[in-house]
Amino acid sequence: MKIPIINHFIAGVAVPPASGQYINVENPATGAVTARLAAGNADDLDSAVAAAKAAGADPAWRDMPAERRSALIYALAQRIQAHAQELLYLESISCGGTVSRLAGMDLPAAMDICWTIAELVKNYPFVENLPQRSLPEMTHGQVIKEPIGVCGLITAWNFPLLMFLTKSITALASGNTVVVKPSELTPHTAARFAEITADLLPPGVLNIVHGYGHVVGDAMSQHADIGKISFTGSTRVGKLIQVAAAQTCKRVTVELGGKGAAIVRPDADLNLVAHAALFGVMLNSGQMCESGTRLLVHKSIEQQVINALNEVATRLVVGDPLDPGTSIGPLSSNQHGERVMDYIRSALDDGARLVCGGERLSIAGCEGGFFVAPTILAGANNQMKAAREEIFGPVLVVIPYDTDEDAIALANDSNYGLSAGIYSTDLVTAQQMSRRLQAGSVWINDWHAIRSDAPFGGYKESGIGREFGIKGLESFLEIKTVITSFQRDPNAKMLYAMLHKQPA
Ligand code: NAD
């Protein structure tokens, strides 16, 4: 079978890489090469940024009213709907996501993100008039929210389509133009989206430059004509991007890693805990920044919780992600799979006890993929490497605690601060505890409860800034204050008298 070529998308058309070089993209479930991807460089990026800059200066885009941008986002969403099946397949063969999750969550969430942003911009006050203020003299004041200009969007491999849409739809809805660098591991859906919407978006408004992060992503972070970088990925790279972007004082939003802790109080509904805690850490084979990877369980119910988790875990189906009966697919690569296994081994070396899983599985028809059985480690403590570092695999670490105070201290004892949660039937206590958890999202009796109208992002080393909702929209806007003075007689201007001692 002929292997498809994925080129850059610049000024509305496919553009081959200046270097002539391509990267093989593999299906994580099978190891088969699914595409040859343009290996971009700084020259390709310059062309894309120039196209984005020109499109942003064109009155057709620059002066487009927010209502029309909103209508455009609705039209883009309709295109996604019309191509849903194809996008779902491409997403699965590039990131290994199960079709049941992609159909049940990712595609509906993609539509929801578009619709929420489209509604938001229709009513957002891009121009605000300030109330009258007569001292030192009568002026009219306006606060204007303007697009930043060319935005550089860099995404990770775990939810390629959702991340691409969250960033690009929000940036475009705010009137910016964009250059996107999708993860080199999962470029398919962003590239296809650009093709199927090429007739809707003015050329140059949406550009994609593919390639390696340390080449294209780094050049983006330094580019003088890029005003903002919005990045999702590892904390290590997020820090590099902030350093590089500081040279030109770019606006920066970074969504980084996590080590979410869920507290199980003695009054929790244990059947809910068993299902929700596994949903919180096993979805997408644990390759989610906000996964609930540490389960802090009150000592009095520790064994009961472990038994319930073990029983529900045995019913999870690891398999081919294209099979609708599969609940857990492969890890992103063999190298990443080996890293996950190393973490499991390190926890056992540190004294944790294996409740279930802990092994690589072979899946018929997917022998080239790396599949790890859902793994639960009990008897752990918060100092173990497996409890401190992001594993990014289907691994739950269970840690016992004594009091609510201890649980809060353990949850907060992490460099990360993306997600946290509380399982309890005492909702007042749970809400009080939520105020003390250092995390951008706290879920009570649930996990992954992300809403497209609520801010999402991290405390501490989990990130800077927020995506989604009004906060997300505003992260792509500059704020300008315009003051108009009505007094034209210099002698009547109170403050001028401090400098001009003679009447005019
Ligand atoms: P990564 O940091 O390796 O790569 C992310 C992106 O950055 C890729 O497109 C990559 O090519 C690019 N990149 C790499 N080096 C770069 C550099 N020097 N300059 C600029 N760009 C560079 O992350 P990953 O392995 O793709 O994704 C997994 C990580 O992403 C995990 O740590 C996970 O927690 C995090 N993540 C966070 C969120 C969130 O919202 N907080 C969401 C999803 C994933």
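The values are calculated or read from the model by the stated rules, or taken from the named source; none is laboratory data. Not measured: the values here are computed from a predicted model. Cβ sites come from the backbone with ideal geometry, for glycine too, and all protein chains shown count toward neighbours. Just the protein is used for accessible areas: all its heavy atoms, side chains included, with ligands, DNA and RNA removed. Shrake-Rupley method; radii C 1.70, N 1.55, O 1.52, S 1.80 Å.
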Using the Karplus equation 6.51 cos²θ - 1.76 cosθ + 1.60 (θ = phi - 60°), what ³J(HN,Hα) coupling, rounded to whole Hz, does each residue of region 158-170 give in order, writing x for Gly and Pro?
-> 7, 9, x, 5, 5, 5, 4, 6, 3, 6, 6, 5, 5
For region 113-201, what relative contact order do you get, as a whole percent, if you take Cα pairs closer than 8 Å and at least 6 residues apart?
-> 27
Between Ile6 and residues 5 or more places away or on another chain, the pairs with built amide H atoms under 5 Å apart involve Arg36, Leu37, Ala38
In the chain, what percentage of the DSSP-assigned beta bridges are antiparallel, given to the nearest 5?
-> 45
What fraction, in whole percent, of alpha-carbon pairs in the chain exceed 29 Å separation?
-> 54
Value of Rg to Rh for region 9-138 (Rh from inverse mean 1/r over Cα pairs, i.e. Kirkwood) | 1.13
So what's the gap between the Cα centers of region 1-65 and region 405-466, to the nearest angstrom?
-> 37
Enter the accessible area of Leu270 (Å², nearest 10), with the probe set to 1.4 Å and all protein chains included.
-> 40
Take every Cα pair under 8 Å in region 429-475 that's 6+ residues apart, average their separations, divide by the length, and report that relative contact order as a whole percent.
-> 27
Rounded to the nearest 10 Å², what accessible area does Tyr89 show when all protein chains are kept and the probe is 1.4 Å?
-> 120
When only Cα pairs under 8 Å and 6 or more residues apart are kept, what is the percent relative contact order across region 261-444?
-> 28
For every other residue with a beta carbon closer than 15 angstrom to the beta carbon of Lys228, add +1 if it is Lys or Arg and -1 if Asp or Glu, then tell me the sum.
-> +2
Which of the residue pairs Lys2/Lys239; Lys122/Lys259; Lys53/Lys460; Lys250/Lys493; Lys122/Lys480 have a Cα-Cα distance greater than 29 Å in the structure shown?
-> Lys2/Lys239; Lys122/Lys259; Lys53/Lys460; Lys250/Lys493
How big is region 201-249 by Rg and Dmax over its Cα atoms, in Å?
-> 11.6, 35
Counting only Cα, what are the radius of gyration and maximum Cα-Cα distance Dmax of region 261-444, in Å?
-> 15.8, 50
Using a 1.4 angstrom probe with every protein chain in place, what is the largest-first accessible-area order of Trp115, Trp447?
-> Trp115, Trp447
How much accessible surface area, in Å² rounded to 10, belongs to the heavy atoms of Leu135 with a 1.4 Å probe?
-> 130
